[in-house]
Amino acid sequence: MVQTVAIADPSSNGEVAVQFLSELKAFNALQFLGLIGSVLSLVTALFSSVPRQATWYNFFISWIVFCISYLLLFFAGHAYGGEPELYLCIAQSSLTYAASPFAASCCLALVIQLYLNIQATLNGKFIRGKRYMRIVLLITPYIIFISVMIESLASKMSFATNVKFSSVSYCSLENHLPGRITAALVIILIVPMLVLNLLIYLSFRKHRSFLQEGNYTSMFVRVSAFTLCGLISVIVGLFFFLRAFIGGGDSNQGLVELDIILAMAPVSAVVIFGTHKDLLNAWLFWRNQTPIAKKVENPVPPLSNVHIEYEVVIE
């Protein structure tokens, strides 16, 4: 989820593409998987009978933007060679710098919404200022996205001649400032995610009776997987953040491998959050549903039978 600051000269891009052809194909394949999975999850959820918070939809919108940003040169025919037009390179680099904090902020908004829903359910109280909180959670990621794009474009206006084609088939700047800002923002956004996931885990430990419900297996698997992915993102983000200040030293091979790891982020998002039972059942329409499969989950059941999930809606 962190923009790499590694740069490759456009004139040598063909050699880089040949040297890392298999890695480039893997990188683009992962981005395609993330894009297709995110679109399918989003569209399927729109037709699902299970209501979801708007932050859930924002979450997948951010990954669609993320994947398209990194695949822009692929769509333009410059994935494995050739020098892209300056305007195309500027557009992609601006998008990739902004896409990472956009996705991270949407993730944070989703976890904040989950935490607030759980606390409201456990305490039996409504969320004060719920409407305003919802608006803040929805628009803040877009404010961050637009702000980073403007900052990135401003940097390009000053350093237009330094726009280069990177070794992993996307454009970035020789000027390290946008990369530093992106890396710092992602780290700042991921840390509270980890804290909130820990608080959620402690809340469930404190209310062990909820664990008697079979529905909570899915909840704990998703939270645990999400926390693990967040921890990995922090480690990778710290690496890029420090590298942006230190100024290099790693080979192109190491950067290519790290970028492949980062390309796994949207795929992980789809696997973790796009596999709710109602979404999977929608794609198994040819099967005769059992009475259990037909049962529609009430997003806010009575406290004794509460089923807290990422799509819980508190009205």
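One table, with the values for the structure above:
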read-out	value
Burial order of peptide ranges 116-122, 105-111 (average beta-carbon count within 10 Å, highest first)	105-111, 116-122
Sorted by Cβ neighbour density within 10 Å, fewest at the top, the residues W63, W56, W283	W283, W56, W63
Integer Hz, Karplus 6.51/-1.76/1.60 couplings in order for segment 265-271, x for Gly and Pro	4, x, 5, 4, 4, 5, 5
Packing-based exposure ordering (other Cβ within 10 Å, fewest first) of M157, M264	M157, M264
Efficiency of FRET between S49 and M157 - r from beta-carbon atoms, R0 45 angstrom, step 0.05	0.35
Likely footprinting exposure, D278, D259, fewest C-beta neighbours within 10 Å first	D278, D259
Computed lengthening from L86 to I36, 0.36 nm per intervening residue step minus Cα-Cα distance	15.2 nm
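The numbers here are math on the coordinates, done by the rules we state, and not lab data. For clarity, every value in this text was computed on a predicted model and none was experimentally measured. Ideal geometry is used to build each Cβ from the backbone, glycine not excepted, and the neighbour counts take in all protein chains shown.
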